[in-house]
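The values are calculated or read from the model by the stated rules, or taken from the named source; none is laboratory data. A quick note: this is a predicted structure, and the numbers were derived from the prediction, not measured. Neighbour counts are summed over all protein chains in view; Cβ atoms, including those assigned to glycine, are modelled from backbone coordinates with ideal geometry.
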Amino acid sequence: MVPAEESVYRAICPACRRPCSVCYCGEIHPIPTQTKVILLQHPRERDMPIGTARMASLCLPNSELHVGLHWEHSSTFQKLLNDPERPAALLYPGEGSIDLADAPPEGPITLIVVDGTWSQTKKLVKENPSLAKLPRYAFRPDAPSDYRIRREPQETFVSTIEALVYVLGALEGGRERFEPILRPFRAMVDAQIAARAARVASGATDGRMRLKKRPVAPKYPSTFVDETIVCVTAELNAWPFDAPERQVANYRDEVVHWAAARFSPTGQLLGTWSRAVAPEGALAPRTLELLRLPADALEVGVARTALYAEFSAWLGEDACACWGTTTAGHLASLAPGRAHLDLREIGRAATRSKAGTLADFAQRVCLRPASRIGERDEIEAEYAPEALQAGVPGRAAVRLGELARVVARFRQAARAERPKDA
């Protein structure tokens, strides 16, 4: 949320990351603590100009601020949680939490504080089982929050920096000692309110906080909206990386089966294309088994040079879609200069998560809600391997079916995000 009176063109303080005109660094007076404070900030909270986690980290020398959502595989984080000299504890209210006023932990501890909205902090704890297992502490504030520029869900909720005043006071014997860390907080609040009042007095604004409207880049290429798309898969003869033959004979992965299926903008299967390719090196022991091809399938395979010419002629001007860099790299050779859609990269960017394998992604992302089960059955039948087996043998038919389901879901998303007046 960005106040209407702030300009993105103002000089920014590198320490507090506030515009220099409302910088609060002059009010910061660092206070040493026995407690080590680890602030875990949700990524979406990082860019909030009126957040207090960074302010707290500047006020507490024995603290660290980390931004992210997943911490389970961080060796640094796990080391902090398992420090025998400073047992870790989580500051988070809810079921099972211990009131600090009744039973504060003994000795110095590592205090983990999650920062963000309540839904964001809930997700942070849920996504990191190591956090959920920690002893959980909470407190009861004796006064409403002074966060007058940001509305809290309830009167008993306070900002991160206000919470630390309560908690450190309970842990280290005296809240008054930590009151000075609220000086920059109050200075920020006062400066924000004064700037807003000045804008209201000049008639430039009514003083309300507004979201800056920024154009949102589409997540899905416009190709998905109304173009015919050819799904392509490359099946490889791939020796295991630890196989001696790979090292001694210098065997490399090579395409031995190339398959494609053309789908209309409505999802109708328009045709398939499949060619076995004569291998240039020796076959790995399980290649035919994994590709689900008969023993003699590759004996009649076309030469690689013929494959390029035949596929390019069949492809025409239609857009290509594939999964990952392997097929994409071979596409660059088969259809030089032709742009292609890497569904894995598009899916990774759209979901902001790892895409995984094609089969996993198709299962996780492409299944429709149960309320539309009839439509799902229809689409599954259209893209099932059986519908492709007539023209595409082996495992490639399964891969093409999975690619087609992903394309169908991306088409839906692309059409949904297209402006209504387009």
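A335 meets the stated requirement of being at pLDDT below 75 and in contact with a helix residue (DSSP H, G or I) (Cβ under 7 Å, 6 or more places away or on another chain). Per this entry, S264 is not counted among residues that are under 21 Å from L388 (Cβ atoms), among the hydroxyl-bearing types (S, T, Y), touching a strand residue (DSSP E or B) at 6+ places or on another chain (Cβ under 9 Å) and in contact (Cβ under 8 Å) with a residue 60 or more places away in the chain.
Note on the stretch 158-262: enclosed helices (runs of 4 or more DSSP H) holding 2 or more residues that are outside the structural domain of T325 (by TED's automatic domain parsing) and at pLDDT below 85 are 183-201. For the stretch 287-310, give me each residue that is under 40 Å from the mean Cα position of the chain (by Cα), among the charged types (D, E, K, R) and modelled with pLDDT under 85. Residue satisfying the conditions is R304 alone. One residue stands out in the stretch 25-51 among those that are modelled with pLDDT of 85 or more and in contact with a Phe, Trp or Tyr (Cβ under 9 Å, 6 or more places away or on another chain): the one that is surrounded by the fewest Cβ atoms within 10 Å (Cβ to Cβ), namely I31.
Listed by first and then second residue, the pairs linking a residue in the stretch 60-72 that is in contact (Cβ under 8 Å) with a residue 24 or more places away in the chain and surrounded by 14 or more Cβ atoms within 10 Å (Cβ to Cβ) to a residue that is charged (D, E, K, R) and not in a strand (DSSP E or B), with Cβ atoms under 8 Å apart and 6 or more places separating them unless they lie on different chains, are L65/R54; V67/R46; L69/K123; L69/E127.
Can you find, within the stretch 83-131, the residue that is surrounded by the fewest Cβ atoms within 10 Å (Cβ to Cβ) among those that are over 25 Å from the mean Cα position of the chain (by Cα) and of a type in the set (D, E, K, R)? Show your work before the answer.
Pass one, the stretch 83-131, residues over 25 Å from the mean Cα position of the chain (by Cα): 83-89, 91, 93-111.
From what is left, the residues that are of a type in the set (D, E, K, R) are 83, 85-86, 95, 99, 102, 106.
Details: D83: 13, E85: 9, R86: 17, E95: 5, D99: 13, D102: 8, E106: 8.
Of everything passing the filter in the stretch 83-131, E95 is surrounded by the fewest Cβ atoms within 10 Å (Cβ to Cβ).
Yes or no, residue by residue, for (1) under 16 Å from E127 (Cα atoms); (2) touching a Leu at 6+ places or on another chain (Cβ under 6 Å); (3) among the basic types (K, R):
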position	(1), (2), (3)
P32	no, no, no
V37	no, yes, no
R44	yes, no, yes
L60	no, no, no
S63	no, no, no
H66	yes, yes, no
W71	yes, no, no
S74	yes, no, no
L80	no, no, no
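Restricting the stretch 95-139 to residues that are of a type in the set (D, E, K, R) and in contact (Cβ under 8 Å) with a residue 40 or more places away in the chain, the residue that is nearest to T35 (Cα to Cα) is R136.
Look at the stretch 43-65 and say how many of its residues are of a type outside the set (D, E, K, R) and in a loop (DSSP other than H, G, I, E, B). Adding up the residues that qualify gives 8.
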